[in-house]
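K.L.:
I'd like to ask some things about the structure below.
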Amino acid sequence: MAADFLDNHGLAAPAAPGKRHNLADVIFSPLTGCCALLALTLSVFLPVDGLEITVCWFRWCFELPCPGCGLTRSITSISHLQFENAWRSHPFGPLVYALFVANTLLLIIPQTMRERFRNKISSHSWWLYPLYMAIVLSFCVFGGMRLLVVMMSTL
């Protein structure tokens, strides 16, 4: 579904003629790399304690945390070498940070190395896709559990 959207809007890395995009093409697309580079750059300049404004529309509307609440602070904390604070802000922050760094590196390495990386990832998609789905599910379960804890504590 995401691959189709990126294909239709010209945002994914070009696929070989006659081939569809796979998960690696979407996760490691040039657009994703540019967004990752922007996020990493901003994280260096953002204060670790946040901007004192709510940027999460879910928290703004419902005054409850969404599954991603704390990711920005976690990524910013890692950029400021405050790893314990990063983990406390959001346990998925280090994983997201690592993906951002990988995406940024893919923007600057030579094309042949990029293709070799994509081919390697694609050849392992039989276990990487289930791993990706398990991570997404874990992220959602974490967010749901945190939401329940916050809701229960306000009763």
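What follows draws every value from the coordinates through simple rules; no lab data is involved. Computed from a prediction, not measured in an experiment: that's the story for all the values here. With ideal geometry, Cβ positions are generated from the backbone for all residues, glycine too; neighbour counts draw on all protein chains shown.
K.L.:
Helix-only mean residue ellipticity at 222 nm, the chain, DSSP H runs n ≥ 4 weighted -39,500 (n - 2.57), per residue, nearest 500. What is it?
P.N.:
-21500 deg cm²/dmol
K.L.:
Might you report the magnitude of the Cβ-based charge dipole of the stretch 2-153 about its Cα centre, with Lys and Arg at +1 and Asp and Glu at -1, to the nearest 20 debye?
P.N.:
Dipole size: approximately 380 debye.
K.L.:
Then there's this: Please list 3J(HN,Hα) in residue order for the stretch 39-50, calculated via the Karplus relation 6.51 cos²θ - 1.76 cosθ + 1.60 where θ = phi - 60°; whole Hz, with x for glycine and proline.
P.N.:
The phi angles translate into 5, 5, 5, 5, 5, 6, 9, 6, x, 5, 7, x Hz.
K.L.:
Okay, next question. For a quick check, take a GNM of the chain with Cα springs below 10 Å and name the residue from Leu99, Leu23, Leu137 with the largest mean-square fluctuation.
P.N.:
Maximum among the listed residues: Leu137.
K.L.:
Right, here's the next one. Can you list the residues, at least 5 places off or on another chain, whose amide H is less than 5 Å from the amide H of Cys66, using H built in the peptide plane?
P.N.:
Those qualifying (amide H under 5 Å, at least 5 residues apart or on another chain) are Arg59.
K.L.:
Something else: For the stretch 38-101, calculate the relative contact order in percent as a whole number, restricting contacts to Cα pairs under 8 Å that are 6 or more residues apart.
P.N.:
So the answer I get is 33 percent.
K.L.:
What full-extension length gain, to one decimal in nm, is calculated for Val44 and Ser123 as 0.36 nm per residue of separation minus the Cα-Cα distance?
P.N.:
Difference between extended and current length: 25.0 nm.
K.L.:
Taking 0.36 nm per residue of separation and subtracting the Cα-Cα distance, what length does fully extending Leu51 through Thr154 add?
P.N.:
34.6 nm
K.L.:
If neighbour count is taken as other Cβ atoms inside 10 Å, put Val48, Val141 in order from fewest to most.
P.N.:
Fewest-to-most Cβ neighbours within 10 Å comes out as Val141, Val48.
K.L.:
Each residue of the stretch 146-151 in order: what ³J(HN,Hα) in whole Hz does its phi give by Karplus 6.51 cos²θ - 1.76 cosθ + 1.60, θ = phi - 60°, with x for Gly and Pro?
P.N.:
Per residue, the Karplus-derived 3J(HN,Hα) values read 5, 4, 4, 4, 5, 5 Hz.
K.L.:
Mean separation of Cα pairs under 8 Å and 6+ residues apart, divided by the residue count of the chain: what relative contact order is that in percent?
P.N.:
Value for the chain: 25 percent.
K.L.:
What range in the chain is the longest one free of trypsin sites (Lys or Arg not before Pro) that are in a loop by DSSP and have at most 13 other Cβ atoms within 10 angstrom?
P.N.:
21-155
K.L.:
So how do His90, His124, His80 line up by other beta-carbon neighbours within 10 Å, fewest first?
P.N.:
Sorted ascending by nearby Cβ count, the order is His124, His80, His90.
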